[in-house]
1. Pick from 93, 89, 101: which is touching a Lys or Arg at 6+ places or on another chain (Cβ under 8 Å) and either open to solvent by 10 Å² or more (accessible area, probe 1.4 Å) or at pLDDT below 95 (or both)?
2. Does residue 128 count as open to solvent by 80 Å² or more (accessible area, probe 1.4 Å), within 26 Å of residue 207 (Cα to Cα) and not charged (D, E, K, R)?
3. Say whether the condition of being open to solvent by less than 50 Å² (accessible area, probe 1.4 Å) and under 19 Å from the mean Cα position of the chain (by Cα) is met by at least one residue in segment 309-323.
4. Return the total of residues in segment 367-377 being open to solvent by less than 30 Å² (accessible area, probe 1.4 Å) and either in a helix (DSSP H, G or I) or in contact (Cβ under 8 Å) with a residue 60 or more places away in the chain (or both).
5. Would you check if residue 337 is free of Cβ contacts under 8 Å to residues at least 12 places away in the same chain and surrounded by fewer than 15 Cβ atoms within 10 Å (Cβ to Cβ)?
6. Filter segment 56-71 for residues that are surrounded by fewer than 17 Cβ atoms within 10 Å (Cβ to Cβ) and in contact (Cβ under 8 Å) with a residue 24 or more places away in the chain and give the result.
7. Taking only segment 105-121 into account, find how many residues are open to solvent by 20 Å² or more (accessible area, probe 1.4 Å) and either in contact (Cβ under 8 Å) with a residue 12 or more places away in the chain or closer than 26 Å to residue 222 by Cβ (or both).
8. Can you confirm whether residue 393 is among the aliphatic types (A, V, I, L, M), buried (at least 19 other Cβ atoms within 10 Å of the Cβ) and either touching a residue at least 40 places away in the same chain (Cβ under 8 Å) or outside any helix (DSSP H, G or I) (or both)?
Amino acid sequence: MDLISDAPTSAYAAPPELTSRELIFALETGRRDWSTVVAYFGEARAWEASIALVRCGGVVLRCGTDDNLGVGMPLGWRRSHAWSLQHADLLRDLRGRPDPDSLRAELIQIMGPVPELATERAALAGCPTGAPLRVPARSATGTAAWSVYENAIRAAAIWWPHHVAGAAKLTANDLAGRAFRDSKAWTTEREVAFSNLVGTGFDHAVDKADTDLRVRGPLEWWLGSVAADASITEPWIGLPAKGLYAAGDLRCHAIGVMIVENADTFEQVCKIPGIAKDWLCVWGKGYTSHGMVALLSHFTSLPLAAWCDLDADGIKIIDVLSHKLKRNIHPVGMDVRLWQSTPHRRQKSEQVRRDKQLAAQLAKNGPASLRALAGEIALYGGSCEQQPIHEQVLPRLADELARLVDRA
């Protein structure tokens, strides 16, 4: 039996009854056997401390059970996903910091040759001598954690000259190796703070092995002390699909959600006046991941629209999302007239056969609004990507979305 909190928890809120040393014990190792917990806290306090960590969302406590499924002997705990996303920076804050004036002077010197960081440099230079390490109130990083702030500054001071010079894009690991003094690891908080500081999505700034959800629109995602604002970062911001699935707080003021399958089309949609301002635009690498479903499940009262390729797979994406969310999704740019009037890409015969079979199933059981299109594909085969129909769909997209809101 795993014991978890019976109430909502913050991404990180330390129990007041635990000391800094005890929090370090909870954070530094992903799993602890119960014997190790007892050896550290003592018999009298081990259960009390463990339950405090469970209630704040810090650990998941595993216990044995009796025949009536009652709680039995504790077996051990594992650090929660939310705390694991932040543990490197949290541990650094808890374990102590260097001389504040020396460290501020070092960061000010690092930012000196980088004109793009002049505002950030001035904000840090305005901190009084002798003050404790605190993130400047006007910092663009959007974090209150000094260790996150410091690493974002160090990374941006290397990234900006490289970017301005037009050099090949740095990989995430390369940038971390040059910038971070203590670790080569990018934590979620570091990624978001760095993106806020340089004004572009993390996946857009560096090459990264895993692509996150890309979003643009009136949404904020808070994880611990750092916030990602999808309304101000150009051209979009990348949010961690796994992180969204398991932790963090979402705040959204959109009037609807627009899902786009193609990455190039997604960027074009984000540039249309009035769409990204009011609609939350989402790209999830062209498939329905757990992270995509987790994000969309937050918006049960908002209309959902989707623009996918004019082919069987595009219809299937909407079909799968509709079933997972148990909601109707309004397709845009996916009518039979467009499919009939647009040149199709060349396909091998086996791919055409496969598409016809999938389309025939969708024509019977797929989304009602797309069954006519699925029927055409089942008869004739064919696949049309989004780029050839940009000129026909993009100019009228804002009006079509506005009508969808009116109907909703």
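The values are calculated or read from the model by the stated rules, or taken from the named source; none is laboratory data. As the structure is a computational prediction, the values presented were derived from the model and not from experiment. Glycine gets a Cβ as well: all are built from the backbone with ideal geometry, and neighbour counts include every protein chain shown. Quick note on the areas: whole protein, heavy atoms, side chains included, nothing else; ligands and nucleic acids left out. Shrake-Rupley method; radii C 1.70, N 1.55, O 1.52, S 1.80 Å.
1. 89
2. Spelling it out, it is not the case that residue 128 is open to solvent by 80 Å² or more (accessible area, probe 1.4 Å), within 26 Å of residue 207 (Cα to Cα) and not charged (D, E, K, R).
3. Yes, that holds for at least one residue.
4. So in segment 367-377, the residues open to solvent by less than 30 Å² (accessible area, probe 1.4 Å) come out as 367, 370, 373-375, 377.
Narrowing further to those that are either in a helix (DSSP H, G or I) or in contact (Cβ under 8 Å) with a residue 60 or more places away in the chain (or both): 370, 373-375, 377.
So the answer is 5.
5. Numbers: free of Cβ contacts under 8 Å to residues at least 12 places away in the same chain: yes; surrounded by fewer than 15 Cβ atoms within 10 Å (Cβ to Cβ): yes.
Yes, satisfied.
6. 62, 64, 65, 69, 71, listed by residue number.
7. Residues in segment 105-121 being open to solvent by 20 Å² or more (accessible area, probe 1.4 Å) and either in contact (Cβ under 8 Å) with a residue 12 or more places away in the chain or closer than 26 Å to residue 222 by Cβ (or both): 6 in total.
8. On the way: among the aliphatic types (A, V, I, L, M): yes; buried (at least 19 other Cβ atoms within 10 Å of the Cβ): yes; either touching a residue at least 40 places away in the same chain (Cβ under 8 Å) or outside any helix (DSSP H, G or I) (or both): yes.
In short, yes.
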